[in-house]
C-alpha cells in the first residue's frame, strides 16, 4: 500500500483511524477530572451554588490535540515507509546476473553491497535466488548447474566472489537461458560494451522482468605501451564521460636495491568528449628496462594495468669488432648481418677489445669468428658467462683453422670441434648445399618454419660424443649440428657452426636468422606478435593478474602453447607474465587494438544505480510525535486545571538538575575517552586492534574488544582497560598482549620498518589474531589476499587448522569450535609432528610454544561488539542458536586472552598423573 | 495488640512531640526576647521586691519590718513598703482541632504551629514578667518559673481539650488561639460564661493566606483537613467573592461578640511576622491599665 510516496508495512492497522470519532465523542462526554484541594475553610463554602458550568467540557483544541496524538500512534504502528520499495516482480524466482569481467573490479565492493541489499529484500519476500557470474557461463571447468537457494545462503557466499581479470564476449546461449526457466533477472552490469548483449537482453526479457543496475562512473583502461624510438607511448581509454579528476599513470619496477617502487608517474587528463588520450613518456633506457608494469594510480582493475615484457626492454648486445675501421668489404663483414638483425630490437655496442666489451655490461656478447683470447680475457669472459651472460659465437675461417676445442673441450665452446671445416656445396665439392632440418621439439627454435632457400655450404663439424645430441639445437638435413648450446654456470654458450656473413651459408640473409636470434633472447621480439613466431613454444605463467589488478606469483601451473598467447586473454590463459626460458612475455587485459566503449541499453531498460537504500521507515518518528503531543497534552491539562505553575517550577528544577547530571556525566565520559597512554596499557591489560584503514571496521573492532573486555571483567580475573586501536607504523606494540587485526581489501600493507616491529612483537610473545571476516571463504577473497600480503614478510611458522586438543580448546572454557559471527575454520601454529598422546590424557603433549598468530574469517569483533548501552551491536545467527553462537564467540575470546596471558599453563595438566604419583610416594 | 502497643505507641508519640519541644521553646523564647519589657509594677504597695514608699510604723507592724536606717534619721519609726507585685494569672488555649493542621505553602508554618509558637512566646514573656501562666482546659493550673513553660509546651502538644471553662481560674486573663472557622456556638457560650466570672481576654484568630485570598478557579473538589466535609464546584473562581463576603462576616461577628464580653479580637495571617502579633498580644494582656 502506498500513498504519495509513503507506504505502510501493516496497512490494516490504519483501520484504527475509524475509531477516532468515537474517541472524540468519549473525550467530549467526560469532563475533566476535578482537582482535589484541602481547604480548612470549606465550612464557609458549604451551600454555595455554582452559577456557570462552562468548564465541564474539554476545550476543542485540547480534544484536537489528543485526537492527533491517537492518530499519530495508529499511523506510527502501521509502519509508514518513505519511498517504499516498489520494485517490479516482488515474488517468484530471482536470477542475479553479475558482470564479473575486469571493468567491474574497480567498484566490486559497491556491487556486492548492492547485491546484498537486493538479497535482503529477496529474503523478506522469500524468493528463491540464484547468482550467476557472467564469466562462469559456458565454461567447461565450472559447474554449470544453477542453484536456487534462499537469499541468505547466497549472502554468506557473497564475500567469496571476485571478478575475473579478462573480458570476453557473453557466452550465454539461448539454451542456457531457457534452461533457467522463468525468473526475474537483475543484471548488475559493468557498463562496458560487449558482444552478445543484445541477445542476452532478449533472453532475459523472455524469462521475466529484467532490471539493469549499472554504476554511472566511467571505466578506465590502459593499453600496452609501445616503444617508439626511445619513448614509451601508451593510451588511456575511458568509456566516458571522462572522470573529473586527473588520472595519474605510474610506472612500477624495482629500484637498484630490488625493492619495487614507482619509477615515474605522469598525469593524464581527458579532453572533453574524448574517450582516448595518448601519453608519451621519455624514459632513459636504464629506467625503462626496469619497468615491470604501468598502471593508473588508485584504480583497482585489471584493465587499468599493463604489464611490461621483453617488448619494452632492449637487450644490450656487445659485438666484438675484429675488423676495425677497415674500409670496404662492408658486405663481407660478419658484423653487417648481425647489425642489421639487431638494430631495431636491441642496443648494440661495438668494440674491438674483449675486456672493454665486458666492462660495458652487456646481456649478450657476440664473437664473430674469434678463435683466440688472452688468458686474462678468457678468464674474464668465463666469469661473465658463469654469472649469467649469453655468449654467442660464430664460426668462420679463423675458428676452422685454429685447433681450438679440438683436443679437449673448451669452456667457451659448446662442443668439441673436428679439425678443419666441411664444405658441402662449393665449386670444388661433389655434394649439394644442404638445407636445415626441421627443428625438433627440444629445440628453442621449435615451430619456426624453415625456408627452403636457406642453404649451408660450409660448416664446422662437431666431434661426436655422448653430449653432442643434447647440446645440438639445430641440425642440417643430414643430421650434422649447425647450432649447439651448452650451459655454463648461470649463463650459456651458443655456437653457430656457420659464419655470420654470407660466405658459408645464406642463413644470415633469411628472416629465420632474425627469428632464431629472438628465440635465443639475443634480441627482443618486435611489438607485433603473431602465432607464427610463437609457434611451437610453451609458456608458463609466472605471475597472474587478478580482477582487482593485483599481480601475484604463480608456481606449478600448466604451460600454455605459444600461439594461444596471441589471443585475447581468457579463462585458459589469464592475464599475467609468461616465461619461456629467458624470455618473458606479458599477456595484458587490453591489447593494442582493444577498444573500451560504453554499453548501450534500450531506452526501456535505462540502467539505474542506487547504492544506499532509499526506503526509509519513519514510524518511530511518528510515534515520537505522538509522545510529544501527549506531553503537550499533560502540560495543557495542568495549565487548564491551574496546577501548571508550581509543577512547572518543580519540572524546571528537575530539568536543571538533569542537565547538570548530564553535563557532569559527560565530563566524566570525556575523561574516560582520552586514549590511554602506553604507560597505562603497560600497567593494565589492554586489548588492542590494528587499524584496518576502514573507519567502519575499526569502529566495530573497537566495540568488539570493548564487549570482550566487559565479558572478561565479568567472568574472569582479567580486568582489562578500555581497548585501543594501534597503528603498527608508529605505536609501541610491546605493551599489548593481543592484537586483533581485521583485514579489508584496503588494509595498508606494513612498511618494512613496521614489519620488523611486528616480527619483534611476535618473537617477544605477542599474538596477532588475523580476521579476514569472510567466513574462511577460501583463499581468494580480497581480505585473504591482503592477509597473504601482510603476513608474507612475517616469517610465520607452519599453520594448521586448530587441532581438537589445542590448548585454546581448554584454556578457560572447554570449546569444540571457535565461531564468531561466521563459522569457519581457524588456523594456528601447527603442532610439532612428533607430538604424541600423553599417558591417560585425551590430548597430545603439545607443551611449549604459544601460537604467534591465529587466522580465521569468523568476524569475531562483530559477535563481541556492544553498543555504549551494553546491547549487542549486530545480530548473530538466528534466535536461540544465534545467541548460543554469540556466547561461544565470547568464550573463544576469553579462551584466547587466557591463552595469551597464561601460555600453556593448561597444557601442563598432562603432568598431573606424574605429579600425583610422585605425591603418593 | 492495643494493650501491648499502646504504651509504646504513646511513648513514641510523646518522644516525637518532645523532640519538637526544644525548638518550639527556643522559637518562642526567641520571639519573646524581641519584645521590650516595659514597666511592670502594680503601682500600689503590697507584696513585692521593689521599694514603693516609707510609711510610719503603726501599731501591729512587726518590729522586723521597721526600716531602721530610715527611722534613725528621725524620731519616728518607718516601715518600708514594697510595690505590690502580686502576679496575674493568664490562661492560654490553642485550638486542637484538625483544621489548624494546614498550610497552603510548605514555606509557611502550619496554622497550629504558628499559634503554639506565639502562645508559648507570650507565656515566656509573661513568666519573665512574673505572671502566672497556665493552660486553659487542662489540669495545668497557672504557675511560675521556667519549669512552667516547659510543662506548658509539653502539655500543649498533647492536649486536645475543647474550649470549656473547666479549671478556669477566676479573675484570670484568657487568650484563645483558633481559626474560628467552625461553628461559633461554643465560642459564644464560653465568652458568655467568662463574662459572668469577670474574666477578660483575647480571641486570636490564625488564618492561612490562602483562606484570605481564595486563589482558585476551574473544577475543584474542596475538602477539609480530615476529609469529612466536601464541597464540589465546577468553577471555583466564581465562588471567590461570595466566600470572601462570608469570611468578612465571620470576622465581624467574632469582633462583635468579643466586644460584647469585654474581650478583644485580632486576626492574624501566618505569613505576617509573629513578633508584631506578640506585641499586640502583650499590649492586650500584659498592659492592664
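Figures for the structure shown
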quantity	calculated
Answer residue from segment A:547-561, given it is touching a residue at least 24 places away in the same chain (Cβ under 8 Å) and surrounded by 15 or more Cβ atoms within 10 Å (Cβ to Cβ) and is nearest to residue A:537 (Cα to Cα) among those	A:561
Members of segment B:209-218 that are at the interface with chain A (Cβ under 7 Å from one of its Cβ atoms) and surrounded by 19 or more Cβ atoms within 10 Å (Cβ to Cβ)	B:211, B:216
Yes/no for residue B:176 being under 14 Å from the mean Cα position of the chain (by Cα) and away from chain A (no Cβ under 11 Å)	yes
Search result, residues across segment A:565-585 that are under 23 Å from residue A:133 (Cα atoms) and touching a residue at least 24 places away in the same chain (Cβ under 8 Å)	A:568, A:569, A:570, A:571, A:573, A:574, A:575, A:576
Given (1) modelled with pLDDT under 80; (2) crowded, with 19+ Cβ neighbours inside 10 Å; (3) closer than 18 Å to residue A:315 by Cβ, number of the condition residue A:534 does not satisfy	(3)
Strands (runs of 3 or more DSSP E) enclosed by segment A:257-298 - at least 2 residues per element that are touching a helix residue (DSSP H, G or I) at 6+ places or on another chain (Cβ under 8 Å) and at negative phi	A:260-268, A:293-296
Residues located in segment B:170-185, provided they are buried (at least 18 other Cβ atoms within 10 Å of the Cβ) and part of a loop (DSSP other than H, G, I, E, B)	B:172, B:179, B:180, B:181
Selection within segment A:441-450 - under 30 Å from residue A:401 (Cβ atoms) and surrounded by fewer than 17 Cβ atoms within 10 Å (Cβ to Cβ)	A:450
All strands (runs of 3 or more DSSP E) inside segment B:41-117 with 2 or more residues being within 14 Å of chain A (Cβ to nearest Cβ), surrounded by 12 or more Cβ atoms within 10 Å (Cβ to Cβ) and modelled with pLDDT under 85	none
Condition check for residue B:206: closer than 18 Å to residue B:284 by Cβ, touching a helix residue (DSSP H, G or I) at 6+ places or on another chain (Cβ under 6 Å), in a strand (DSSP E or B) and within 14 Å of chain A (Cβ to nearest Cβ)	yes
Test: residue A:73 is closer than 21 Å to residue A:629 by Cβ, modelled with pLDDT under 80 and away from every other protein chain (no Cβ under 14 Å)	no
The lone exception for residue A:334 - which of (1) more than 28 Å from the chain's Cα centre (by Cα); (2) crowded, with 18+ Cβ neighbours inside 10 Å; (3) at pLDDT 80 or above it fails	(3)
Verdict on residue A:181 being surrounded by fewer than 17 Cβ atoms within 10 Å (Cβ to Cβ) and either in contact with a strand residue (DSSP E or B) (Cβ under 8 Å, 6 or more places away or on another chain) or assigned to a loop (DSSP other than H, G, I, E, B) (or both)	yes
Hits in segment A:872-915 (condition: at pLDDT 85 or above and loosely packed, with under 12 Cβ neighbours inside 10 Å)	none
Segment A:451-505, residues that are part of a loop (DSSP other than H, G, I, E, B) and closer than 26 Å to residue A:363 by Cα	A:489, A:490, A:497, A:498, A:499, A:500, A:501, A:502
Elements of type strands (runs of 3 or more DSSP E) contained in segment A:326-405, each with 1 or more residues being within 12 Å of residue A:500 (Cα to Cα)	A:364-368, A:390-394
Output for segment A:1-34, where each listed residue is in contact with a strand residue (DSSP E or B) (Cβ under 9 Å, 6 or more places away or on another chain), farther than 17 Å from residue B:229 by Cβ and either within 14 Å of chain B (Cβ to nearest Cβ) or modelled with pLDDT of 80 or more (or both)	A:14
Residue identified as farther than 21 Å from residue B:106 by Cβ and under 31 Å from the mean Cα position of the chain (by Cα) among B:236, B:248	B:248
Check on residue B:188, in a helix (DSSP H, G or I), surrounded by fewer than 18 Cβ atoms within 10 Å (Cβ to Cβ) and within 11 Å of chain A (Cβ to nearest Cβ)	no
Number of positions in segment A:747-778 that are without any contact (Cβ under 8 Å) to a residue 40 or more places away in the chain and touching a helix residue (DSSP H, G or I) at 6+ places or on another chain (Cβ under 8 Å)	3
The listed residue being loosely packed, with under 15 Cβ neighbours inside 10 Å, closer than 27 Å to residue B:170 by Cβ and either touching a helix residue (DSSP H, G or I) at 6+ places or on another chain (Cβ under 7 Å) or away from every other protein chain (no Cβ under 14 Å) (or both), out of B:201, B:196	B:196
Matching residues in segment B:219-256 - criterion: being more than 8 Å from chain A (Cβ to nearest Cβ), over 16 Å from residue A:34 (Cα atoms) and touching a residue at least 12 places away in the same chain (Cβ under 8 Å)	B:226, B:240, B:244, B:251, B:253, B:254
Number of the condition not met by residue A:807 [criteria: (1) closer than 20 Å to residue A:863 by Cβ; (2) buried (at least 23 other Cβ atoms within 10 Å of the Cβ)]	(1)
Within segment A:50-70, considering residues that are at the interface with chain B (Cβ under 9 Å from one of its Cβ atoms) and either at pLDDT 80 or above or not in a helix (DSSP H, G or I) (or both), the one nearest to the chain's Cα centre (by Cα)	A:53
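The values are calculated or read from the model by the stated rules, or taken from the named source; none is laboratory data. Computed from a predicted structure; not experimentally measured. Note that each Cβ is placed from the backbone with ideal geometry, even for glycine, and that neighbours are counted across all protein chains shown.
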